[in-house]
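Everything below concerns the one structure shown next.
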Amino acid sequence: MVIAKAWILKKHFDGLPKTSDFDLKKIELPSLKDGGEQKLLLESVFLSVDPYMRLYGQWQVKEGDVMIGTQVARIVESKNPAFTVGAFVVGEKGWRTHFISDGKDLQLLPSSWPESLPKSLALGTVGMPGLTAYFGLLEVCKMKPGETVLVNAAAGAVGSVVGQLAKIGGCKVVGCAGSDDKVAYLKKIGFDEAFNYKTVESLDEALHKASPDGYDCFFDNVGGEFASVAINHMKKYGRIAVCGSISQYNDSVPQKGPYMQIPMIFKELQMVGFIVSQWNNRQKEGLQALLKWVVEGKVKYNEHVTEGFEKMPMAFIGMLKGENLGKAVVKV
Ligand code: NDP
């Protein structure tokens with residue numbers, strides 16, 4: 001008999017989540033059966049902590065339910081011939097150490113996954129955040145060689161891939177992040193310009209200095225005040241991919257303007273919100289491209305690994321506070 005540990009959402013978030021909003025529970029798992037849905041026993045090896053959990057935790061998770069989330073898990077026992085014991089999969093089973101599945105909703109890691117590559121990358125650069133960068137840049141920003149791309153939260157899971165893919169696509173890239181270490185990292189991985197948005201005297205001046213001619217594409221992970229300043233630096237006919245708005249996720253009271261309509265009209269901008277699942281039918285294409293670039297060393301990665309399932313809430317809160325350089329994951 002296996003006893004799984006799971007993190008329950010005890011109390012809906014109010015402002016920045018607190019460790020007291022969560023509760024660690026033990027859940028007894030049933031034994032596997034030949035028929036029915038209980039065909040696989042899996043153990044989580046890495047779990048992801050992502051900004052969307054702040055919003056969906058409020059919208060989709062009831063108090064008392066297991067927190068939503070994705071993991072890389074190893075097959076421990078199998079009565080499904082499509083999954084061999086020891087194989088690794090990506091699952092969306094929430095914050096649990098172990099779970100049972102029939103296999104239908106699990107995705108095996110690509111067979112070409114090199115042994116030398118951390119499997120946790122399937123939650124980051126070669127996973128959902130990497131796909132977000134890939135489709136957001138190609139399909140929403142429609143970047144072209146020679147253009148200038150701006151990305152914020154640039155040292156994070158999505159942003160760090162955005163900048164590197166834009167460089168591969170022949171663009172000039174400007175990124176900003178919330179610490180000097182993050183800015184140094186951005187320069188190391190090839191960003192043309194990078195600055196710390198927390199310490200610049202004027203965001204307006206920093207954006208102008210980094211690209212006096214303005215920006216063709218803006219990949220927005222932050223929204224709020226940053227976006228309303230950046231929009232004034234767009235070139236005519238510029239494209240804005242509204243990927244995230246993390247500066248607003250913890251707000252209890254909605255922020256107020258400045259509003260964007262005037263620059264939108266007179267610069268004839270396109271601003272498109274998107275969710276990466278829009279391209280679920282092209283996931284394989286995106287993952288293969290990302291994996292290839294990582295293996296070739298054209299896309300670099302950094303992971304912020306927190307050790308211990310017990311620290312999931314702290315890892316999640318730390319990511320929302322900007323403690324992560326690269327993808328925030330938890331190693332069980
Ligand atoms: P990150 O790895 O970038 O981690 C979050 C980062 O956000 C922090 O490290 C911090 O970096 C930054 N941040 C936190 N609070 C603020 C704030 N108030 N102002 C500015 N920056 C802040 O997360 P992801 O890469 O996973 O996600 C980035 C964005 O992309 C999020 O908005 C997320 O919701 C969105 N997203 C959207 C998807 C979609 O399908 N549309 C899919 C995946 C992600 P710093 O130190 O630089 O402040």
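The values are calculated or read from the model by the stated rules, or taken from the named source; none is laboratory data. All values reported here derive from a predicted model rather than from experimental measurement. Cβ placement follows ideal geometry from the backbone for every residue including glycine, while neighbour counts extend to all protein chains displayed. Keep in mind that these areas ignore ligands, DNA and RNA; they rest on the heavy atoms of the full protein, side chains included. Shrake-Rupley method; radii C 1.70, N 1.55, O 1.52, S 1.80 Å.
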Quiz item: Of the trypsin sites (Lys or Arg not before Pro) in the stretch 208-284, which ones lie in a loop per DSSP and count no more than 13 other C-beta atoms within 10 Å?
Solution: Lys256
Practice problem: Would you tell me the accessible area of Lys144, worked out with a 1.4 angstrom probe on the heavy atoms of the protein chains, in Å² to the nearest 10? | Solution: 100 Å²
Exercise. Kindly give Rg over Rh for the stretch 48-133, based on alpha-carbon atoms, with the Kirkwood expression for the hydrodynamic radius.
Key: 0.99
Practice problem: With N denoting the number of residues in the stretch 86-199, provide Rg(C-alpha) divided by 2.2 N^0.38 Å, to two decimal places. | Solution: 1.26
Quiz item: Once a ≥ b ≥ c are taken as the square roots of the eigenvalues of the Cα gyration tensor of the stretch 128-277, is the result rounded (a/c under 1.5), prolate (a/b larger than b/c) or oblate (a/b not larger than b/c)?
Solution: rounded
Self-check item: Within a Gaussian network of the chain (alpha carbon springs, distance under 10 Å), most fluctuating of Ile100, Ile231, Ile262
Solution: Ile262
Self-check item: Probe 1.4 Å, protein heavy atoms only - accessible area per residue of the chain in square angstrom
Solution: 47 Å²
Quiz item: Excluding ligands and nucleic acids, what accessible area in Å² is computed for Ile8 using a 1.4 Å probe, to the nearest 10?
Solution: 10 Å²
Practice problem: Return the whole-Å distance between the Cα centroid of the stretch 233-292 and the Cα centroid of the stretch 74-111. | Solution: 33 Å
Quiz item: Rg (Å, one decimal) plus Dmax (Å, integer) for the alpha carbons of the stretch 190-332?
Solution: 17.9, 52
Quiz prompt | Relative contact order of the chain, pairs being alpha-carbon contacts under 8 Å that are 6 or more residues apart, as % | solution = 17 percent
Quiz prompt | Charge tally in the Cβ shell below 15 Å around Val85, where Lys, Arg are +1 and Asp, Glu are -1, Val85 excluded | solution = +1
Exercise. Specify the residue with the greatest mean-square fluctuation among Ser160, Ser252, Ser78, computed from a Gaussian network of the chain linking alpha-carbon atoms under 10 Å apart.
Key: Ser252
Quiz item: What does the accessible area of Asp181 come to, in Å² to the nearest 10, when a probe of 1.4 Å is used?
Solution: 120 Å²
Self-check item: Formal net charge of residues neighbouring His98 (Cβ-Cβ distance under 14 Å; K, R +1; D, E -1)
Solution: +3
Quiz item: Among the trypsin sites (Lys or Arg not before Pro) within the stretch 23-58, which fall in a DSSP loop and have no more than 15 other Cβ atoms within 10 Å of their own Cβ?
Solution: Lys33
Exercise. Write out the trypsin sites (Lys or Arg not before Pro) in the stretch 91-151 meeting two conditions: DSSP loop, and at most 16 other Cβ atoms within 10 Å of their Cβ.
Key: Lys104, Lys142
Quiz item: Relative contact order for the stretch 128-277 using alpha-carbon pairs under 8 Å, separation at least 6, rounded to a whole percent?
Solution: 23 percent
Self-check item: Cα-centred dipole magnitude for the stretch 128-277, charges only on beta-carbon of K, R (+1) and D, E (-1), debye, nearest 20
Solution: 300 debye
Quiz item: Considering only protein heavy atoms and a 1.4 Å probe, what is the carbon-and-sulfur percentage of the accessible area of the chain?
Solution: 52 percent
Quiz item: Accessible area, 1.4 Å probe, largest first: how do Tyr237, Tyr215 sort?
Solution: Tyr237, Tyr215
Quiz prompt | Unit charges at the beta carbon, dipole of the chain: most positive-side option, Leu109, Ile27, Val72 | solution = Leu109
Quiz item: Just how large is the dipole of the chain about the Cα centre, in debye to the nearest 20, putting +1 at every Lys and Arg Cβ and -1 at every Asp and Glu Cβ?
Solution: 380 debye
Quiz item: Mind checking Rg over Rh on the chain, alpha carbons, Kirkwood formula for Rh?
Solution: 0.99
